[in-house]
1. Could you list which residues have their amide H under 5 Å from that of Gln283, counting only those 5 or more apart in sequence or on another chain, with H placed in the peptide plane?
2. Calculate the dipole size of segment 726-869 relative to its Cα centre from +1 charges on Lys and Arg beta carbons and -1 charges on Asp and Glu beta carbons; express the result in debye to the nearest 20.
3. What are the residues whose amide H is under 5 Å from the amide H of Thr299, where those residues sit 5 or more places off or on another chain and H is modelled from the backbone?
4. Based on the alpha-carbon gyration tensor of segment 620-728 and its eigenvalue square roots a ≥ b ≥ c, which shape applies: rounded if a/c is under 1.5, prolate if not and a/b is larger than b/c, or oblate?
5. Are there any GluC sites (Glu not before Pro) in segment 762-820 that are in a DSSP loop and have at most 14 other Cβ atoms within 10 Å? List them by number.
6. For segment 154-232, what is the accessible area per residue in Å² when the probe is 1.4 Å?
7. Tell me the carbon and sulfur percent of the accessible area for segment 433-573, rounded to whole percent, probe radius 1.4 Å.
8. What distance in nm lies between label points placed 7 Å from Cα along the C-beta direction at Glu225 and Ser324?
Amino acid sequence: GTARSRLYPHAREGDIAHHHSLLTKAVSCPLHVQRTMGHFAHASFQQPPARPGLAHWRGPKAQDPAAAWNEHVELADEVRKCRRPEKGDPTFGLLVLAVLAAILCFLIPGERLEGQELPQRITSEAIKSDLQTALPVPALRGCCGEPMEFRWLFLGSSEKAVAGQPFRTVLVARDSKGRQARPAACDALRVGVDLSGKAHLSGAFLPLSWRLGQLEFHIENELAEVVEAEVRIESPDPEADVLLHTSQIHFTSGPLHSFAIRLELADQSATSPATRGSWPLRQEVCVTVMTKDQFGNPTPLNSSGGFILRTSAQRNTLEMRPTSGILDMSSTGEAQVFLTALRPGPVEIWVEARSSSQSQNQLRNSTLRSLSFTDPESLGEAHGSPSSFLAAVRSKATTQDIQWQGKADEVWDAFLHAWRGYERHAWGSDELQPISRVGRNSFGGLGLTILDSLSTLWLMGLDREFEKGVKFVKDDLDFDNADSDVSVFELTIRGLGGLLGAHTLSNKKILLERAQELGNRLLPAFQTPSRIPWPTVNLARGTSKKSTQPVILSEAGSLQVEFRSLTARTGDTRFQKAADKAFQAVQSVGIRGILPVFLSPPGMRKVQAVASKFAFGALADSYYEYLLKQWLQQPSDKNFKELFLEVMDSLPTIIRPSPSSVKDAEQRGTVVHYKLIEVLSDGSVDWKMDHLSCFTPGLIALGLMEVPQHDLVKKDRNATWWRLAEGITASCFELWASTSTGLAPEFSKVSSKAPHKFVEAGSDGRHSFLRPETAESLFYLYRLTGDEKYRHWGSKLFQAILDHAKVPHGFSSVRDVKAIPTSKMDEMQTFVMAETFKYLFLLFSPAAAFDMNHFFLNTEGHPLKRHEL
């Protein structure tokens with residue numbers, strides 16, 4: 001009652017009589033015809049239509065779902081394969097008789113052949129010994145028959161395949177007598193393997209090819225899952241059936257490789273303003289410890305209680321449940337411990353093995369997490385409005401802060417002047433053109449100025465303006481209207497970062513909801529072979545245009561903190577995974593330290609560096625910034641910190657004069673004005689300095705405040721970083737102060753001769769967009785040193801903006817910073833309100849205006865939470 005067909009309709013009758021193969025399986029594995037799963041299929045697998053006029057018989061398939069196949073071998077082919085005997089060979093007569101007998105078999109009516117039982121089979125089985133012991137005995141030359149049955153051999157149990165390890169299999173073809181089948185006939189068969197899930201064939205065995213009647217292929221999978229493995233065999237005969245056979249292979253997790261720690265409030269309904277990163281006092285935090293193999297699959301431990309959760313908390317400052325901290329692992333490789341902080345402050349937690357081990361330090365370093373417990377009343381979002389927040393900040397002002405409050409108020413007035421111009425003439429548009437008093441949509445018409453200004457509105461205590469902006473986000477922000485190609489990078493740092501920053505400060509749910517919606521619409525851009533996003537996205541259509549242009553380093557490497565923060569707040573891991581894959585793709589180029597500014601296009605699967613300049617300014621800047629800030633976001637991942645340290649160790653190679661050549665001058669108390677130049681791909685120097693590179697001293701200052709002392713003492717980093725932070729800041733201020741207007745040009749030429757002073761900038765670099773990088777570094781240098789000179793320098797920057805960039809309805813970019821009166825451009829960049837005025841306001845405000853112990857700023861100046869992951 002099994003399916004029958006003629007494998008070789010014109011084969012010799014003696015062969016046909018032995019032709020049998022009922023599908024069986026050592027471990028219950030039914031044969032069935034099913035859809036092709038499509039994970040790995042041979043390109044030639046297409047079922048041809050039946051040819052009219054040829055006999056084609058199939059058994060009663062209703063009785064058994066087994067499938068069979070026909071393989072048609074033309075008589076002419078068989079005759080051509082016969083060896084021509086030499087003259088005088090005594091066997092010549094016997095060969096002639098054999099040929100005649102074959103012709104007679106061909107002339108037998110088809111009904112006689114079709115009436116015979118012709119079962120065929122594939123048998124799959126697991127063997128415990130080496131594969132060779134289960135293979136058929138090779139036949140003597142010339143004695144091999146046609147393939148009549150197949151055995152699919154598994155070396156090991158299909159119930160216990162291990163993720164990350166090849167699962168070895170061999171498909172063996174036998175003739176009617178159980179011997180090795182004829183290799184030439186096997187080569188004519190087409191074989192495909194379809195695998196479900198993430199399983200794939202080992203590349204070492206591709207393309208599939210028979211060898212002495214055997215077809216070896218190994219199955220690999222990095223996930224612990226059940227894989228449906230289907231073998232598909234097709235003969236050259238177009239009338240033949242395709243035989244399918246399916247087995248299940250159970251991939252289990254590999255050996256213990258690492259631990260993962262997840263933090264969340266035990267009471268999910270709690271309305272605490274800090275759900276991650278900054279944890280509230282007197283609320284239980286659930287610490288879930290998970291064991292993983294090298295691919296992230298949960299790995300159950302054989303024994304329970306072998307590991308303990310340790311903390312750095314002092315006695316009577318932290319409660320732990322269970323008090324012993326013993327990790328009682330479940331069958332899924334998870335254990336939970338609950339912590340309740342009684343006093344504010346930082347606490348470190350880590351996993352420790354109960355038994356002594358030489359790898360104890362490694363285990364601690366890999367599982368170390370830093371938590372910060374804070375009284376909710378001390379956080380910005382605990383204040384119900386921007387004005388109450390600002391009032392609380394100014395109540396903590398020092399004597400020096402009070403002296404600068406008037407300057408902070410002037411910045412407040414300037415910001416409000418720009419906001420009023422936008423509000424009156426361009427509300428809902430992306431940008432204001434302050435001279436023509438109309439709006440301009442450069443980013444899809446999302447009202448990007450609003451999104452980019454929300455966090456500044458909060459920090460400056462502007463209640464009405466902030467609430468109007470939130471109302472726009474709730475009622476009028478429509479991503480379906482953004483039917484144009486917009487920069488993924490700019491939408492991420494300005495739009496997504498702006499919404500997340502405002503949510504950080506206000507804890508308004510609608511801001512996070514719209515941020516999540518924007519994140520969802522940005523995700524299609526990440527669907528590239530390289531995992532580096534396409535440069536633009538159409539938010540309305542959910543599509544991205546493919547680009548063959550090189551990837552800009554800063555755009556590929558400056559998306560991470562926003563997407564990772566979105567995952568931390570929503571629990572949707574897609575955002576972090578997309579950003580992390582893009583980051584890993586950048587790292588796959590294999591270059592450590594400073595990278596070229598261009599990488600291969602997103603459509604190339606293998607990411608490569610493109611011969612281009614090495615720089616810290618345009619096209620590169622925020623990639624280096626986000627190395628440090630990703631570590632602040634997730635201190636447990638030391639890789640970010642190590643990458644940042646390697647970059648900082650390489651930084652002197654693009655600084656002039658070389659720090660090692662001017663130590664004597666610095667020892668005499670002289671601040672050397674360091675310049676950040678660019679090195680071209682051929683090693684020659686491009687003697688210019690971008691204003692965009694003026695974020696660098698602020699980044700160095702942040703590193704000095706955050707990197708552990710044991711890292712700073714190595715390679716003389718502490719002393720070198722201090723000199724560079726002060727010296728580059730001095731050069732950046734010089735960019736402003738040395739011009740007629742006091743405004744900095746976009747870039748300036750640098751003399752190739754020591755001491756490498758600035759020289760006259762070319763006409764293509766004299767414009768000013770009122771960029772924020774120097775004000776940003778003044779803010780960080782003041783926080784690091786407390787030196788009032790940085791506030792004085794900031795005051796001069798601000799005065800130059802008032803004197804030469806202010807117009808009746810906002811602030812304009814300037815065409816030539818050397819010319820007075822200035823020629824204004826009809827544009828006001830969104831970062832003027834998002835960053836330039838924000839950094840100046842924070843520079844003149846008390847430290848409480850921005851709590852660096854709980855927050856950090858993204859590259860657009862929007863506050864995000866530290867320790868959020």
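1. Under 5 Å from the amide H of Gln283: Ala341.
2. Values: 16 positive and 17 negative charges, 50 e Å.
About 240 debye.
3. Thr291, Lys292, Asp293
4. Working: a/c = 1.93, a/b = 1.26, b/c = 1.52.
Taking the square roots of the gyration eigenvalues as a ≥ b ≥ c, segment 620-728 is oblate.
5. Details: sites: Glu773, Glu776, Glu788; in loops: Glu788.
Here the GluC sites (Glu not before Pro) that fit, given the DSSP loop and packing criteria, are Glu788.
6. Values: 3190 Å² over 79 residues.
On a per-residue basis, segment 154-232 sits at 40 Å².
7. Working: 2030 of 4670 Å².
That share works out to 43 percent.
8. With each label placed 7 Å out from Cα toward Cβ, I get 3.8 nm.
The values are calculated or read from the model by the stated rules, or taken from the named source; none is laboratory data. The structure presented is a predicted model; accordingly, all values stated were derived computationally and were not measured. Cβ atoms come from the backbone with ideal geometry, glycine included; neighbour counts cover every protein chain shown. Areas reflect the complete protein model, heavy atoms only, side chains present, ligands, DNA and RNA absent. Shrake-Rupley method; radii C 1.70, N 1.55, O 1.52, S 1.80 Å.
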